[in-house]
Structure formats: C-alpha cells, structure tokens
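One structure is given here, and the rest of the page talks about it.
The values are calculated or read from the model by the stated rules, or taken from the named source; none is laboratory data. Just so it is clear, the structure is predicted and the values come from calculations on it, not from any experiment. Here the Cβ is made from the backbone with ideal geometry for all residues, glycine too, and neighbour counts use every protein chain on show.
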Amino acid sequence: MTPAQRIQSLINLTHKHATALKQQLANLTQLNAKRRAALQKLVPPIVLHPASEPYVTMYDDVTISLIPPSAKAVAGYVNGQYANFSALKTRFPNAKHVSIATDAAFNADCLDVETGDATPAQAPAWVARQLKLKPNVKPKVYANRSTMPSVKAALMQAGFHPGDVLLWVAEYTYKAHIPNGFDACQWTDQALGRSLDASMCKASFFD
C-alpha cells in the first residue's frame, strides 16, 4: 500500500467512526426525549406565576438569622422544641407573620401536618376551633404533596369545602411555583444559597 493509499484508508476509517458516533448520539437524543415525555406524564403539573402577579415570598426556618432582613413574610412555630414565633415578630416587625402549630392542641394561623406533628385526621377539629376563635380568618394547613390528599379528604368528610381552608403545600422543585388548588407552596429548602425554606404565597394567603 502506498503512503497515499494509507492516508486515504485512515480518512475512510475516521469517517466511518464519525458517522457511527453521530448515529449513536442521535439515538441517545431520541431516547432521552422519550424518557422526558414519559416523566412529564408522571410528574404533577406545575404552575409558574409571572413576577407581575401579586405573590409574596415567605421564609421560615428554625434558625432565624438565616432569614434575610428584607423578608416581606415570615413563618414560625408557637410550640415545640423550635418555637420561635415571638422572636420572629420582634425581629421582623414590618413583615407579614404566620404562626404554625405542630400539635393540634395549640392555636395558630397554620397547622403543621407531617410525621411527628399533627395528623390529617386531627385537621378538621383544629380548623373548626380556629374558626370559632377567629370567625373571619381562614385557617391554614401545611402538608407535603403526598400527604395533602389525606388532609383534603378529612376536611371534606367533616363538611368543609374547597376555599374554607387555605392550603400550604410542600413540593421541592427548586423553582418558585404554586400547584393548582393550593394557596402557597414551599418550593425550596435552599433559598438564597442557604439552608433556608422559602414559599411562594398568594396575597390572599395573608388575609
């Protein structure tokens, strides 16, 4: 084989490899597209709201110092090991405040329904008690996305209708959003690059 023939042979071999790699890349791209389409069918729809709409970012954390001084809304606990609501009101006097009870025996703006705290079954009686204490204020209930159906079922069975209670759901997508049917969403536990919870809330969540 002459030098020229060797060079041509190497060129042909390189071309074959490049063609094969292009085909493999095309196959992978098509496969990934199919996987994304399948995943989108499994993941609940997310509603992203434009910044022009009246939504408020609310922060909550057991370590108050992590919350930025400019916070427009804050939430904290009225009972338990991490009770910090009184301190929050003092530190953020001009912010909107949401008090949270982790035990159904306590009164607050919101009941925390999750493992180790209140249960879905306790939500209706707690809501009824809050309505007696503050008839013109809608009680709030917090739960993660997988627990919230049990909360809704318990409330409906007790005679409450959609809109009687404000629902604050936890769904960590790390993108600010509120799923359909909810009034607020805790969407991250890493806000501002810190170990800090942040929620997107409708303005009506604070009425």
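Residue check: is Ala87 under 23 Å from the mean Cα position of the chain (by Cα) and part of a helix (DSSP H, G or I)? Before the answer, list the steps.
Details: under 23 Å from the mean Cα position of the chain (by Cα): no; part of a helix (DSSP H, G or I): yes.
No, not satisfied.
Output yes when any residue across the stretch 120-132 is farther than 17 Å from Ala170 by Cβ, aromatic (Phe, Trp, Tyr) and not in a loop (DSSP other than H, G, I, E, B), and no when none is.
Yes, the stretch 120-132 contains a residue that is farther than 17 Å from Ala170 by Cβ, aromatic (Phe, Trp, Tyr) and not in a loop (DSSP other than H, G, I, E, B).
From the list Ala143, Ala154, exactly one residue is buried (at least 21 other Cβ atoms within 10 Å of the Cβ) and either assigned by TED's automatic domain parsing to the domain that holds Asp183 or not β-branched (Val, Ile, Thr) (or both). Which is it?
On the way: Ala154 fails: buried (at least 21 other Cβ atoms within 10 Å of the Cβ).
None of the others qualify; the one that does is Ala143.
Just wondering, is there one or more residues in the stretch 111-120 that are touching a residue at least 40 places away in the same chain (Cβ under 8 Å) and over 17 Å from the mean Cα position of the chain (by Cα)?
Scanning the stretch 111-120, I find no residue that is touching a residue at least 40 places away in the same chain (Cβ under 8 Å) and over 17 Å from the mean Cα position of the chain (by Cα), so the answer is no.
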